[in-house]
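See structure below.
Every number here is computed from the coordinates shown, using simple stated rules; none is lab data. Everything quoted here is computed from the prediction, not taken from an experiment. For neighbour counting, all protein chains shown are included, and Cβ atoms are generated from backbone atoms with ideal geometry for every residue, glycine included.
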Amino acid sequence: MIGIFDSGVGGMTVARAIEQRLPDYRTVYFGDLARSPYGSKSEETIIAYARQNTEFLLAQGAKVIVIACNTAASVASEILTREFAVPIFEVISPAVDKAVAASRSGAIGVIGTRATVRSGIYEKKITGQNPQCRVVSQACPLLVPLVEEGWFNKRETKMILRRYLHPIRLKNVDTLVLGCTHYPLLKNLIQPRIGKRVTVIDSAEAVAAGLAKFLEENPEVEASLSHEGENLYYVSDITEAAADIAKRVFGRPIDLQKISGETFC
Ligand code: DGL
């Protein structure tokens with residue numbers, strides 16, 4: 001199985017891209033809704049959660065792990081890669097590859113949670129690839145709750161987006177990375193507010209393409225993945241808002257299964 005985790009259901013944008021790209025492989029998703037949001041938590045806590053989520057997915061039979069959460073990826077991906085023997089994929093590197101390739105001026109904007117922006121991971125990876133690039137980052141802590149409330153077409157959401165994007169616009173970026181699972185769901189509102197000439201990057205498809213390439217090149221890992229059964233969607237808590245987001249992402253109702261146990265509460 002391909003194991004995918006996020007702090008909630010926003011990471012389903014990544015799960016969906018993987019399912020579309022690799023429809024013959026079974027996936028198991030875990031959304032840690034009981035402990036989300038991760039974006040406002042300390043590094044230590046996020047790392048502990050990411051470890052537990054990985055262990056849960058491995059116990060379900062995952063042979064490959066995808067960290068669909070930008071916040072968890074930004075602080076825990078190197079640690080998980082060191083600690084676990086399975087291949088670990090994350091959402092940041094593919095977004096960085098796409099952004100560096102897309103940017104003509106080298107001025108790249110990044111929006112994400114407080115923890116992602118604080119980690120400086122996008123700057124590090126972008127300038128690591130091209131030292132000429134200039135990165136402008138902006139934490140947007142109000143966007144996750146707005147998406148979770150389903151406020152997609154509200155005046156307030158548009159106003160808040162304008163406020164967050166204004167300082168980035170002033171820096172004349174030509175590329176903007178959506179560095180959070182929830183932001184692709186606001187893409188239609190973000191594009192006109194950042195400017196139609198700015199390339200808006202979302203990493204879900206790039207992660208799926210990277211994983212497909214890896215499986216082609218690593219037949220021993222490919223052979224360990226199951227093709228039988230249904231895709232599974234586990235969560236550590238179920239809320240109406242989460243079920244609505246899952247439905248919006250997949251375009252159909254998703255059977256979210258709540259796991260029990262003391263770890264995830
Ligand atoms: N999944 C998180 C991310 O991509 C957003 C939600 C949260 O803060 O937990 O950064």
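Given a cut-off of 13 Å, what percent of all Cα-Cα pairs of the stretch 87-132 lie beyond it? Please list the in-between numbers first.
Working: 575 of 1035 pairs.
It works out to 56 percent of all Cα pairs.
Distance between the pseudo-spin-label points of Ala59 and His166 (7 Å out from Cα toward the beta carbon): 4.8 nm. Each label point was placed 7 Å from the Cα along the Cα-to-Cβ direction; for Asn218 and Cys265 their separation is 3.6 nm. When peptides 246-255, 195-204, 37-46 are sorted by average Cβ neighbour count within 10 Å, with the highest value leading, the order is 195-204, 37-46, 246-255. Considering helices alone, the calculated mean residue ellipticity of the chain at 222 nm is -14500 deg cm²/dmol, with DSSP H runs of length four and up weighted by -39500 (n - 2.57) and normalised per residue. Among the listed pairs Lys63/Lys196; Lys41/Lys187; Lys125/Lys154; Lys98/Lys247; Lys154/Lys196; Lys213/Lys247, those with a Cα-Cα distance over 30 Å are Lys63/Lys196; Lys125/Lys154. Classification of the stretch 185-265 by its C-alpha gyration tensor yields an oblate form. The axis ratio a/c (a ≥ b ≥ c) is 1.5 or more, and b/c is at least a/b.
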